[in-house]
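Working notes, structure below.
The values are calculated or read from the model by the stated rules, or taken from the named source; none is laboratory data. Remember, predicted model here, so these are calculated numbers, not experimental data. Neighbour counts are summed over all protein chains in view; Cβ atoms, including those assigned to glycine, are modelled from backbone coordinates with ideal geometry.
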Ligand SMILES: [Zn+2]
């Protein structure tokens, strides 16, 4: 049985062309690894074989694996599309003008074509009976990005200008405390990444031991707390009084 008894489904017909690609592995809550024919990437028909390629969702950002809910977001996405094929509406990236972003990834809205018995759409018991007997299964496209948001497992990337429905789905998930919204004080993944990057830069600067530029000093620069924030000062202080502004500020 599914650990998510009431998954919200978001039907939506893709707007324009899609390409069907297999989901080889889900690595977090907003992306997966797929496979593509080499010539489709290089544009050279003589390029044989297939390449692994990273597929990223364009308008959402799931919590990082190190954040509360990050692992669950990944498992939830796996439960939706793991081992299946999805239909990708490719988003052209402003930074490259092509369908791959500057990291060589496909950026898209992922759709899942799912078949439902007509009975699933019936309204009254009588009509339901007729539908089960005479109906044909319906193929419905599901917007997987919107499902991640509506079920509370992803944030919306406002800067790429998603449809208003993304914000409505986010507000709805927050109001009903689905997914990560049952936690207090969620940190947006982009803020989490920014803080992590900053912390790694600070520790790298400490490790690098930049030498003091004063001739024959032999000291190295270390980050110190000053009246106006941190600055870089010489380890031989007070015999060497070299200092300069902290490049991280
Ligand atoms: Zn010095």
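If the condition is being under 18 Å from residue 29 (Cβ atoms), in a helix (DSSP H, G or I) and touching a strand residue (DSSP E or B) at 6+ places or on another chain (Cβ under 9 Å), then region 161-179 contributes 166, 169, 170. When residue 231 is tested against (1) within 16 Å of the ligand (Cβ to nearest atom); (2) modelled with pLDDT of 90 or more, only condition (2) is not met.
When 224, 244 are checked against the criterion of being surrounded by 14 or more Cβ atoms within 10 Å (Cβ to Cβ), at negative phi and within 16 Å of the ligand (Cβ to nearest atom), 224 stands alone in meeting it. Of everything in region 136-157 that is surrounded by fewer than 16 Cβ atoms within 10 Å (Cβ to Cβ) and touching a helix residue (DSSP H, G or I) at 6+ places or on another chain (Cβ under 8 Å), the residue that is nearest to residue 11 (Cα to Cα) is 138. Would you mind stating whether residue 133 is at pLDDT below 75 and more than 22 Å from residue 40 (Cα to Cα)? Spelling it out, residue 133 is indeed at pLDDT below 75 and more than 22 Å from residue 40 (Cα to Cα).
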